[in-house]
Amino acid sequence: MTNSPTDPFEHLQQTYKTEFNRRVDRYFKDVNGNGDLSSPRSSLKLACRITDNDNDAMMNMRHNLFFNVIGYSRKNLAVVYGSKFDNAPPVAGHPQLFFVFSQDDSASPPEESPIQHEKSVRLMKFSCASGNAKPAITKANMTEIANEIKSSFLSGGKGITYTCGNKSASYTDPDNGFPKGNYILVNSKSDGSEIYQKICNVIDVPFYSDRVLLNDPDKPSTTTATAGKVTILGKQVQNRRYRPVAVLRFRSAYISLGNLVPPVFLLDTTLRNQSLIRYP
């Protein structure tokens, strides 16, 4: 029959002290003895080693100093850039669907070009080329997506609108084509949620409203007047506006297959490009 310690807590405390101090001694093997106040490194060793007179609070502080502040807990670990929990699938090799929005010419100040924004999503159900794990996208697939876009992004024969501004709304769902780092400039979270939901409907993936995050910067939007002018080479020129508030309208959608293949326009309300389906 195995003998049990008469005082389990005392046994645990002594075992912990022995194992902990062994690691401290190995880490500070260049310092003689238990350490002292003669040098910074010797002082650190003295502060880390557990003694018989330590109470729980002191033991916890020594543990935190050694493992977390000094960093012994990270010893011999590989350096990881980014998040170790980031197991998002690679998006390269999947077709990229772009949505183009721009300001109406009549709403743009005379000295400014109309604002134009693009938003894209990867079509994770398809590959750009044959011979991959996912099926290569076909013209029939693209036509189906184009009809969904026409249904969701046109209203009354015109492209739908939303208001852009100084806020950025991000949506992260790597498995369904929305990798980290993507965002759309909006004036409110509801506008961002509506656009992301429509995109999800078009590509037939679920939409999760709780994944829409809004970043509201301290810097306000500027207009042509508030942005002001600067003098360059003796001439006054207009300063660039910072994320101006403007109403943008859906104009077109196209798919990029990468490499040197020209983009395939699915729908173009400007009629500048030949698209798979007719407008209106």
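The values are calculated or read from the model by the stated rules, or taken from the named source; none is laboratory data. None of the values given here were measured: they were computed from a predicted structure. Neighbour counts run over all protein chains shown; Cβ positions are idealised from the backbone, glycine included.
Remarks
- Scanning the range 169-220 for residues that are buried (at least 16 other Cβ atoms within 10 Å of the Cβ), in contact with a Phe, Trp or Tyr (Cβ under 9 Å, 6 or more places away or on another chain) and part of a strand (DSSP E or B) yields ALA169, SER170, TYR171, ASP173, PHE178, TYR183, ILE184, VAL186, VAL212.
- Residue, farthest from GLN96 (Cα to Cα), within the range 204-216, restricted to residues that are out of contact with any helix residue (DSSP H, G or I) (no Cβ under 7 Å at 6 or more places or on another chain) and of a type outside the set (S, T, N, Q): ASP216
- Of the residues in the range 133-152, at least one is surrounded by fewer than 20 Cβ atoms within 10 Å (Cβ to Cβ), at pLDDT below 90 and of a type outside the set (Lys, Arg).
- Of all residues in the range 221-250, those that are touching a strand residue (DSSP E or B) at 6+ places or on another chain (Cβ under 6 Å), surrounded by fewer than 19 Cβ atoms within 10 Å (Cβ to Cβ) and closer than 16 Å to GLN103 by Cα total 2.
- Selected residue [closer than 18 Å to VAL91 by Cα and among the hydroxyl-bearing types (Ser, Thr, Tyr)] from SER190, SER130: SER130
- From MET61, MET1, residue being modelled with pLDDT of 85 or more, of a type outside the set (Gly, Ala, Ser) and not assigned by TED's automatic domain parsing to the domain that holds SER152: MET61
- Each residue in the range 224-277 was checked for being out of contact with any helix residue (DSSP H, G or I) (no Cβ under 8 Å at 6 or more places or on another chain), assigned to a loop (DSSP other than H, G, I, E, B) and more than 21 Å from GLU118 (Cα to Cα), and 3 pass.
- Annotation note: of GLY177, GLY156, the sole residue that is at positive phi and in contact (Cβ under 8 Å) with a residue 24 or more places away in the chain is GLY177.
- The set of residues in the range 22-56 being part of a helix (DSSP H, G or I), modelled with pLDDT of 90 or more and closer than 16 Å to LEU12 by Cα consists of ARG22 alone.
- For the range 64-96, the candidate set comprises residues that are in contact with a helix residue (DSSP H, G or I) (Cβ under 7 Å, 6 or more places away or on another chain) and outside any loop (DSSP other than H, G, I, E, B); within that set, the residue that is modelled with the lowest pLDDT is SER73.
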